[in-house]
Structure formats: C-alpha cells, structure tokens
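Trainee: Sharing a structure with you now.
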C-alpha cells in the first residue's frame, strides 16, 4: 500500500468539496447531538495538529447535513494513544477522524477497527465508505470485507439519502481504477472500490 498522495491530483478535485474559511470543524462532521463529545475527543489530539483541515465534503445522515474534513493532520502517535485510551462514543469519534488522516497506514488501521466496532450507527457509515473511493485499493478491500456481513439497512439509508454523493463516489472509483489499477484489476467489477459501490447500489435497491 502506498501511504503517500498520488501524483495525479485532479480526481480529488472532482468531489463536491467545501472550502472552510479557517479550519474545518470536525464536530460538524457528526450529528448535532454528538458535537460536545466530538469537541472533547478532538481536543485530546488537536495539540499535535500539523496543519488545519481546509476542505470538507458533505453528506446527509438522519436528516442532517454533515461536513466531514477531507484530510486531518493530527500527530499519528498522539491519535493512536488517544484512540486506545478512549471509550464508547469518544473512541468511535476518534476512529472516524482517523479514517480521514493523511497517513494511509493509520487510515487503514482505523477503517479496519471501525468496521468491526462501529455497529449499525448511521453516522459511522460515511467514514467507512469514503476511503473506498480513494486511491488505496487495500483499504477498499478491507472495507469490502468488513461490510460483507453487515445489516444493509444503514447502507441503504445512506445511499438513498445521498444520490449526488454516490454519483461522485462512482466517478472517483472509476477514475482511480483507470489511472492506477487497470493492470491489477483488468475487469472493473473486480476492483475493490467497484465492489463497494456495487454493494451500496444493491443495498439501495432492496425493498423495505
């Protein structure tokens, strides 16, 4: 897995990114009822922040629009310690934030844990799904495996609430596959990101 950024940056710019005036507030990436918990959890790692997050993407969850930072720049060791020490909701919040971290290896570790511990919480879903539409196929594969036994209800709700996001996700998956993974996955439908996309579409098409 390559933990760095790809040389080709235009794919990222095809997202519906929101530019934050100063820094993107992590608390706005979670439901309003959790924002006090989020700010307390983030305070434990913000001191090691290397630079403020400036871009975010928006998704709808349970009737609220969430604005999730595209990348976070906490000190990796500090985030790992804080996540290990946190409990319950605060731990899930830090794991979610970890899926947005600039370090690909840390991002992968947080994704693996989150798909196991996140349960069926609707606000966890975008943090689990988003990395599958990014440039590290190994992370997409972990997400695919983690979602395999999951109740599709939360995926269905997310997909139905976010048709524009899903279209962007599809474009990103297709672009990363085309740029970097055609040799490894000659058939698009076998690419892990494409399989996560198919899982979302299947969940959305299920009847209640």
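Trainee: What residue, among those in the stretch 158-184 that are in contact (Cβ under 8 Å) with a residue 24 or more places away in the chain and in a loop (DSSP other than H, G, I, E, B), is farthest from residue 66 (Cα to Cα)?
Mentor: 184
Trainee: Identify the residue in the stretch 158-180 that is within 15 Å of residue 125 (Cα to Cα) and out of contact with any strand residue (DSSP E or B) (no Cβ under 6 Å at 6 or more places or on another chain) and, among all such residues, is surrounded by the fewest Cβ atoms within 10 Å (Cβ to Cβ).
Mentor: 163
Trainee: Here is a follow-up. Against the condition farther than 22 Å from residue 42 by Cα, buried (at least 20 other Cβ atoms within 10 Å of the Cβ) and in contact (Cβ under 8 Å) with a residue 12 or more places away in the chain, how does residue 155 come out, does it pass?
Mentor: yes
Trainee: Looking at the stretch 21-48, which of the residues that are out of contact with any helix residue (DSSP H, G or I) (no Cβ under 9 Å at 6 or more places or on another chain) and at pLDDT below 95 is nearest to residue 135 (Cα to Cα)?
Mentor: 24
Trainee: Next up: Considering every residue within the stretch 118-133, establish whether at least one is over 13 Å from the mean Cα position of the chain (by Cα) and on the phi > 0 side of the Ramachandran plot.
Mentor: So far as the stretch 118-133 goes, yes, one or more of its residues are over 13 Å from the mean Cα position of the chain (by Cα) and on the phi > 0 side of the Ramachandran plot.
Trainee: Additional query: Select the helices (runs of 4 or more DSSP H) contained entirely in the stretch 5-123, then report the ones holding at least 1 residues which are under 21 Å from residue 147 (Cα atoms).
Mentor: Passing ranges, in order: 88-98, 104-117.
Trainee: Could you tell me whether residue 135 is touching a helix residue (DSSP H, G or I) at 6+ places or on another chain (Cβ under 7 Å) and not in a helix (DSSP H, G or I)?
Mentor: It is true that residue 135 is touching a helix residue (DSSP H, G or I) at 6+ places or on another chain (Cβ under 7 Å) and not in a helix (DSSP H, G or I).
Trainee: Same structure, new question: Buried (at least 18 other Cβ atoms within 10 Å of the Cβ), at pLDDT 95 or above, touching a strand residue (DSSP E or B) at 6+ places or on another chain (Cβ under 9 Å) and over 22 Å from residue 136 (Cβ atoms): is that true of residue 79 in this structure?
Mentor: Against the criterion (buried (at least 18 other Cβ atoms within 10 Å of the Cβ), at pLDDT 95 or above, touching a strand residue (DSSP E or B) at 6+ places or on another chain (Cβ under 9 Å) and over 22 Å from residue 136 (Cβ atoms)), residue 79 does not qualify.
Trainee: Next up: In the stretch 116-132, what residues are surrounded by fewer than 23 Cβ atoms within 10 Å (Cβ to Cβ) and touching a helix residue (DSSP H, G or I) at 6+ places or on another chain (Cβ under 6 Å)?
Mentor: Those that are surrounded by fewer than 23 Cβ atoms within 10 Å (Cβ to Cβ) and touching a helix residue (DSSP H, G or I) at 6+ places or on another chain (Cβ under 6 Å): 118, 120, 122.
The values are calculated or read from the model by the stated rules, or taken from the named source; none is laboratory data. Since this is a predicted model, take the numbers as computed values, not measurements. Neighbour counts are summed over all protein chains in view; Cβ atoms, including those assigned to glycine, are modelled from backbone coordinates with ideal geometry.
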